[in-house]
Every structure is written in C-alpha cells, then in structure tokens.
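A.B. asks: Could you have a look at this structure, given as structure tokens, before my questions?
What follows is calculated from the coordinates using simple rules that are stated; it is not laboratory data. This is a predicted model, so every value here is computed, not measured. Counting neighbours? That spans all protein chains shown, and the Cβs are built from the backbone with ideal geometry, glycine included.
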Amino acid sequence: MANLGQVIVGFLIIGIVACVDSAEEQVVTYVFGDSLTEVGNNNYLQSLAKSNFPFYGIDYEGGKATGRFTNGRTIGDIISAKLGVQSPPPYLSLAPNDDAILKGVNYASGGAGILNDTGLYFIQRMTFDDQIKSFEKTKEAIKAKIGQEAAEKHVNQAVYFIGMGSNDYVNNFLQPFLAAGQQYTHDEFVELLTSTLGEQFTRLHQLGARKMIFHGLGPLGCIPSQRVKSTRRICLKQVNLWVQEFNSKVEKLVATLNKHLPYAQISFADTYPIVLDLIENPTSYGFKISNTSCCNVDTSVGGLCLPNSKVCNNRTEYVFWDAFHPTDAANAVLADKIFTTLFHQSSSSPAPAPAPTPTPRKFLVTSINLN
C-alpha cells in the first residue's frame, strides 16, 4: 500500500494553479497512484488490495466503504472540497465515452508500483504502466468527442498528479520472500526505479502531459508495517535513508527531464519533513498515538483493517488507521496545513511572466519543501 507522505503537494500545486487561473476554465486533473490516492478502481478488479468493506469508510459520508484506504476522507477529498472542485472519479467506474473524462479521471490503484512486478501477490492491480495505457485510451476517447486539436490542447493544459514508489519498497524490495530484495543491492534497485520512472514520465509527455507533479516518499521506516520489524517498535533508520536517496535521485531526474522534454513542467514535491514531524511530534497536532494503528491489524496477513479487526474508539487520537494509511483526522490536519501553505505560497510568490507562444503557462513553483 502507500505511505503517509504521499498525496500532499499535488493538490497544493493544483490549488495554486486554480487560484492563478481562476478567470479561466476549471483545472482538469488526471491522477496516477496507489492506495493513498485510490478512490475505488480496485473495487472492479480481482484484487487482494481492496478496502470496500468495513471498517473502511466508517467515518466517511454515509458510513460506507468506497474503496478509499482510510476510515474517512483522503487528503485529496478534503483539499478538493476546500477548493470547490470535485475529486476525479475512478477510471474503471466510467464508460469509455463518458463525458466525465473531460473533467478528470483517477487511475490510482492500491498495490501499484513503478515496477510491473511490484504488488504481484495482490493478483490484480493497475501498475503505473497500466495506468498510463488507460490514460492513452482516455485521450483517444477525448479526441473522438472534441477532435484532435482540441484534445491536444486539453491534455496539454491538464495537471497530472503522480504518487508512486512506496509499494516498490514496502511490497517489493523490503519483502524478504520476493526476488528484488535478493537480486539487487539498494543502489541497483534505486537506479532501476528511477530509470523506469524516467521512461514513464517520457511516455506521459509523448501523450501530451506537460504539467506533472511527482511527490516524493515520506518516512516509510516509520509506518506501522515497518515498525513491527523492530523489537522496540521504533522507526527503521535504514529504510528512511533509502527513501531519502530515492527522493534525491528523483528530484535530479525531474530537473533533467525538464531540460530535455519540450515544454515539460514537471514538479518534484518533498513531503518527507512534514510527515516525519507529524509522526515524531503527534501531540503538537492534537494526536496521542503515531507508532501503531487505530485498527488492530495483523501485519503478517497484509496489515489491512479487516471486518473482524478490533477498531479503537478514539479514532481522532491516532495518526494511522491501518499499517500503512493515515486516519481521517490525520488527513484533516495535513489538509489544513497544506491549504494554509497554499494561500501563503500563492500570495507571496510573484506573478509569473507571460510565456511566449506556444509555451504553456508556468507553475508558480517547480519544487516545494513543506518544512
């Protein structure tokens, strides 16, 4: 599954763009990711990575599970509501020619990774490559609806929110029974991840994506599924060091791609510091517990909150809902901090200079660190 550090800055930058371009058409977003950004695609798959059952959604509107991997709202749900924008629907819930594809689509799938063999034991899931192929089909449907020229303009102006990589660690490299952890050193593995990611960015660019936001990984060594590997239930330092190395290499990759891909406006967002602070100093944010999950999960069988699990009564006091994902309360705190940062950033940043045709309009930022 995904880690708490993802989802954050994509909506920050989307929100900034929405503020800057408020006089223009509403921003259209296409979301690629894993379980932190999923809104129900795996409901339509024969997948072990599902959350369409109790107690997921217990604090969501209507108290029903929707396929979101939390007890309530995702950060995306909260930020979208604050901006007055609808969260894009899951790709697999739409007919191929549904008019909704013109307003944005969510391709995210729990268990997905940069590598195609990541999450294999979940059986079905939409890998990043699968999600890109699905977007290609969406683009073809858009062309059929509005024509070639308008479709190209549409995909050029959309915002592409990408959150991938945590499963490549948690459900691949860090699993002792899988080949990746035995076949590669970490230096070799991180090179494989970043080279593959570079090819995937390039493929999206070929399909017309220009404004892409990739958010870095959070402190994976501090999520409950990793803490249980420590006899003292502390953060795994080596895992966090590997995550930081990955983030550093992806940031450099983004800079290189921006130089070589025409009109590319790819942003790297470092969410590591804010998430680490929430985990290390929970009481500063109104929480009591950040080293274990509200739902009493069995990490030996996946770490999800199964219907027979015991759920805590004081859900607002926990940072984590299950072994991987934040609670609704944690998402709300993060969303409020993000929203405040959003308006501070948009008000303090100078207006971008007009770009010469045919260069698309620029983001206010190309890299953000939320300290």
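A.B. asks: How high is the relative contact order of the stretch 144-227, given as a whole-number percent (alpha carbon pairs under 8 Å, six or more residues apart)? Display every interim value, and only then the final one.
C.D. replies: Numbers: 53 pairs, mean separation 40.4, N = 84.
It rounds to 48 percent for the stretch 144-227.
A.B. asks: Follow-up. Once you put a point 7 Å from the Cα of Tyr121 and another 7 Å from the Cα of Leu207, both along the Cβ direction, what distance in nm separates them?
C.D. replies: For Tyr121 paired with Leu207, the spin-label model returns 3.0 nm.
A.B. asks: I want to check the label-to-label distance for Gln244 and Lys153. Put each point 7 Å from Cα in the C-beta direction and report it in nm to one decimal.
C.D. replies: Roughly 4.7 nm, to one decimal.
A.B. asks: Between Ala100 and Ala81, what is the spin-label point distance in nm, taking each point 7 Å from the Cα along the Cα→C-beta axis?
C.D. replies: Between Ala100 and Ala81, the label points sit 1.9 nm apart.
A.B. asks: Where does each of 204-215, 49-60 land if you order them by average Cβ count within 10 Å, highest first? Can you show the working numbers first?
C.D. replies: Working: 204-215: 22.3, 49-60: 20.3.
Descending packing order for the listed peptides: 204-215, 49-60.
A.B. asks: Could I ask something else about it? Could you state the number of Å between the C-alpha centres of the stretch 148-170 and the stretch 74-108?
C.D. replies: 13
A.B. asks: On to the next question. Would you mind checking Lys133/Lys229; Lys229/Lys310; Lys82/Lys237; Lys145/Lys211; Lys145/Lys259 for any pair whose Cα atoms are more than 25 angstrom apart? Can you show the working numbers first?
C.D. replies: Working: Lys133/Lys229 37 Å; Lys229/Lys310 21 Å; Lys82/Lys237 36 Å; Lys145/Lys211 23 Å; Lys145/Lys259 33 Å.
Lys133/Lys229; Lys82/Lys237; Lys145/Lys259, as the Cα separations exceed 25 Å there.
A.B. asks: Report the gain in length on full extension from Lys145 to Glu191: 0.36 nm times residue separation, minus Cα-Cα distance, nm rounded to one decimal.
C.D. replies: Working: separation 46, 0.36 × 46 = 16.56 nm, distance 4.02 nm.
Between Lys145 and Glu191, full extension yields 12.5 nm more.
A.B. asks: Report the extension gain between Lys64 and Arg232 in nm, rounded to one decimal, defined as 0.36 nm multiplied by the number of residues separating them, less their alpha carbon distance. Display every interim value, and only then the final one.
C.D. replies: On the way: separation 168, 0.36 × 168 = 60.48 nm, distance 3.57 nm.
Result: 56.9 nm gained on full extension.
A.B. asks: Multiply the residue gap between Thr283 and Phe53 by 0.36 nm, knock off their C-alpha separation, and tell me the result in nm, one decimal place.
C.D. replies: Details: separation 230, 0.36 × 230 = 82.80 nm, distance 3.05 nm.
Between Thr283 and Phe53, full extension yields an extra 79.7 nm.
A.B. asks: Using only alpha carbon pairs under 8 Å that are at least six residues apart, calculate the relative contact order of the stretch 35-103 and give it in whole percent.
C.D. replies: Numbers: 91 pairs, mean separation 20.1, N = 69.
29 percent.
A.B. asks: Using the Cα gyration tensor of the stretch 36-128, with a ≥ b ≥ c the square roots of its eigenvalues, what is the shape: rounded (a/c below 1.5), prolate (a/b larger than b/c) or oblate (neither)?
C.D. replies: On the way: a/c = 1.75, a/b = 1.19, b/c = 1.47.
Verdict is oblate for the stretch 36-128.
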